Amino acid sequence: NAGVTQTPKFQVLKTGQSMTLQCAQDMNHNSMYWYRQDPGMGLRLIYYSASEGTTDKGEVPNGYNVSRLNKREFSLRLESAAPSQTSVYFCASSERGWGESYNEQFFGPGTRLTVL
Amino acid sequence: GNSVTQMEGPVTLSEEAFLTINCTYTATGYPSLFWYVQYPGEGLQLLLKATKADDKGSNKGFEATYRKETTSFHLEKGSVQVSDSAVYFCALGGGYQKVTFGTGTKLQVIP
């Protein structure tokens with residue numbers, strides 16, 4: 001039982017390049033999330049998917065797109081990377097479905113992205 | 001909207017000292033409250049939670065009580081260890097699973 005896995009662990013891009021961050025969970029969770037973590041800013045939600053087939057914008061969606069490929073996988077794409085997207089990116093998942101007021105989120109180990 | 005404010009760090013303590021990390025929140029309705037911990041190089045993991053007013057969450061010697069009257073959820077531990085060195089995040093969960101995180105407090109415990 002691997003939990004939440006993310007690839008790659010580290011990535012360096014040049015401004016304007018594109019890339020996709022991959023995330024998968026093996027806990028049969030309904031909901032998945034992408035966050036970015038920046039010094040002094042805590043975690044900010046980029047996009048989330050409450051259930052398979054649905055995605056919604058979070059707090060900071062500009063410059064990103066997501067795909068909920070199936071129940072297990074949720075990818076984050078940067079179409080044209082910018083230095084402001086240098087950050088640590090975390091994927092998370094949770095069991096409960098839409099409308100629940102409580103859920104525990106399980107986090108992956110993170111991807112450290114640098115955009116030059 | 002919902003927000004979480006927690007004390008800025010870093011907090012440096014000697015081993016076996018008492019720990020308090022303050023957390024206050026603003027929210028509509030009756031959210032659940034969480035403390036997550038992030039060890040170096042890892043993702044966040046849930047440390048403890050409380051789902052309603054006056055609930056006390058506890059785990060690994062850490063405790064926090066959901067205080068509705070003061071809108072607080074302070075994290076405490078009676079005797080910290082070097083292995084407790086990490087970043088601690090206070091968070092609240094409202095409807096539709098959007099969890100709001102604080103900015104994190106780094107704890108360093110020295111032998």
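Regarding residue A:27, is this residue within 14 Å of chain B (Cβ to nearest Cβ), open to solvent by 40 Å² or more (accessible area, probe 1.4 Å) and of a type in the set (A, V, I, L, M, F, W, C)? Spell out how you get there, then give the answer.
On the way: within 14 Å of chain B (Cβ to nearest Cβ): yes; open to solvent by 40 Å² or more (accessible area, probe 1.4 Å): yes; of a type in the set (A, V, I, L, M, F, W, C): yes.
When the stated conditions are applied, residue A:27 passes them.
Being under 13 Å from residue A:113 (Cα atoms) and surrounded by 20 or more Cβ atoms within 10 Å (Cβ to Cβ) is the filter here; which residues of region A:13-24 pass it?
The one that is under 13 Å from residue A:113 (Cα atoms) and surrounded by 20 or more Cβ atoms within 10 Å (Cβ to Cβ): A:21.
In region B:59-111, which strands (runs of 3 or more DSSP E) lie fully inside it and hold 2 or more residues that are more than 18 Å from residue B:43 (Cβ to Cβ) and within 12 Å of chain A (Cβ to nearest Cβ)? Steps first, please.
On the way: elements: B:62-65, B:75-77, B:86-93, B:99-101, B:105-110.
Here the list is empty.
Under 6 Å by Cβ, and 6 or more places apart or on different chains, what pairs join a residue from region B:20-44 that is under 20 Å from residue A:87 (Cβ atoms) with one that is β-branched (Val, Ile, Thr)?
B:38/B:87
Output the residue which, of all residues in region B:6-16 that are surrounded by fewer than 14 Cβ atoms within 10 Å (Cβ to Cβ) and assigned to a loop (DSSP other than H, G, I, E, B), is farthest from the other protein chains (Cβ to nearest Cβ).
Filtering region B:6-16 for residues surrounded by fewer than 14 Cβ atoms within 10 Å (Cβ to Cβ) gives B:8, B:10, B:12, B:14-16.
Narrowing the set further to residues that are assigned to a loop (DSSP other than H, G, I, E, B) leaves B:8, B:10, B:15-16.
Details: B:8: 9, B:10: 12, B:15: 27, B:16: 29 Å.
The qualifying residue farthest from the other protein chains (Cβ to nearest Cβ) is B:16.
Here is a list: A:103, A:70, A:65. Which entry is assigned to a loop (DSSP other than H, G, I, E, B), in contact (Cβ under 8 Å) with a residue 12 or more places away in the chain and away from every other protein chain (no Cβ under 14 Å)? It would help to see each step written out before you state the result.
On the way: A:103 fails: away from every other protein chain (no Cβ under 14 Å); A:65 fails: assigned to a loop (DSSP other than H, G, I, E, B).
On inspection, the qualifying residue turns out to be A:70.
I need a count of the residues in region B:33-58 that are closer than 14 Å to residue B:92 by Cβ, within 11 Å of another protein chain (Cβ to nearest Cβ) and in a loop (DSSP other than H, G, I, E, B).
Of the residues in region B:33-58, the ones closer than 14 Å to residue B:92 by Cβ are B:33-36, B:46, B:48-53, B:55, B:57.
If we keep only those that are within 11 Å of another protein chain (Cβ to nearest Cβ) too, we end up with B:33-34, B:36, B:46, B:48-52.
From the residues that got through so far, the ones that are in a loop (DSSP other than H, G, I, E, B) too are B:51-52.
Residues in region B:33-58 being closer than 14 Å to residue B:92 by Cβ, within 11 Å of another protein chain (Cβ to nearest Cβ) and in a loop (DSSP other than H, G, I, E, B): 2 in total.
Applying the selection to region A:44-84, what residues are aromatic (Phe, Trp, Tyr) and closer than 22 Å to residue B:4 by Cα? If you could, list the steps in order and put the result at the bottom.
To start, the set of residues in region A:44-84 that are aromatic (Phe, Trp, Tyr) comprises A:47-48, A:64, A:74.
Listed by number, the residues that qualify are A:47, A:48.
State all residues of region B:47-70 that are among the hydroxyl-bearing types (Ser, Thr, Tyr) and either open to solvent by less than 60 Å² (accessible area, probe 1.4 Å) or closer than 17 Å to residue B:30 by Cα (or both); if no residue qualifies, say none. Talk me through it step by step, then tell me what you get.
Pass one, region B:47-70, residues among the hydroxyl-bearing types (Ser, Thr, Tyr): B:51, B:58, B:65-66, B:70.
Across region B:47-70, the qualifying residues are B:51, B:65, B:66, B:70.
In region B:71-104, what count of residues is obtained for those that are surrounded by fewer than 17 Cβ atoms within 10 Å (Cβ to Cβ) and under 12 Å from the mean Cα position of the chain (by Cα)? Can you show your working first?
In the first step, residues of region B:71-104 are kept if they are surrounded by fewer than 17 Cβ atoms within 10 Å (Cβ to Cβ); the result is B:71, B:76, B:78-79, B:81-83, B:95-96.
Cutting the leftovers down to under 12 Å from the mean Cα position of the chain (by Cα) gives us B:76.
The number of residues fulfilling the criteria is 1.
Any residue at all in region B:20-32 that's under 17 Å from residue A:105 (Cα atoms), at the interface with another protein chain (Cβ under 10 Å from one of its Cβ atoms) and either at pLDDT 95 or above or open to solvent by less than 10 Å² (accessible area, probe 1.4 Å) (or both)? Spell out the reasoning first.
Step one: filter region B:20-32 for residues under 17 Å from residue A:105 (Cα atoms), giving B:31-32.
After this cut, where a residue has to be at the interface with another protein chain (Cβ under 10 Å from one of its Cβ atoms) as well, the list is B:31-32.
Adding the requirement that they be either at pLDDT 95 or above or open to solvent by less than 10 Å² (accessible area, probe 1.4 Å) (or both) leaves B:31-32.
Within region B:20-32 (the criterion being under 17 Å from residue A:105 (Cα atoms), at the interface with another protein chain (Cβ under 10 Å from one of its Cβ atoms) and either at pLDDT 95 or above or open to solvent by less than 10 Å² (accessible area, probe 1.4 Å) (or both)), the answer is yes, since at least one residue qualifies.
For region A:30-55: of the residues being more than 9 Å from chain B (Cβ to nearest Cβ) and among the charged types (D, E, K, R), which is most open to solvent (accessible area, probe 1.4 Å)?
A:52
The values are calculated or read from the model by the stated rules, or taken from the named source; none is laboratory data. Since the model is a prediction, treat every value here as computed from it, not as a measurement. Ideal geometry is used to build each Cβ from the backbone, glycine not excepted, and the neighbour counts take in all protein chains shown. Note: accessible area is taken over every heavy atom of the protein model, side chains too, but ligands, DNA and RNA are not part of it. Shrake-Rupley method; radii C 1.70, N 1.55, O 1.52, S 1.80 Å.
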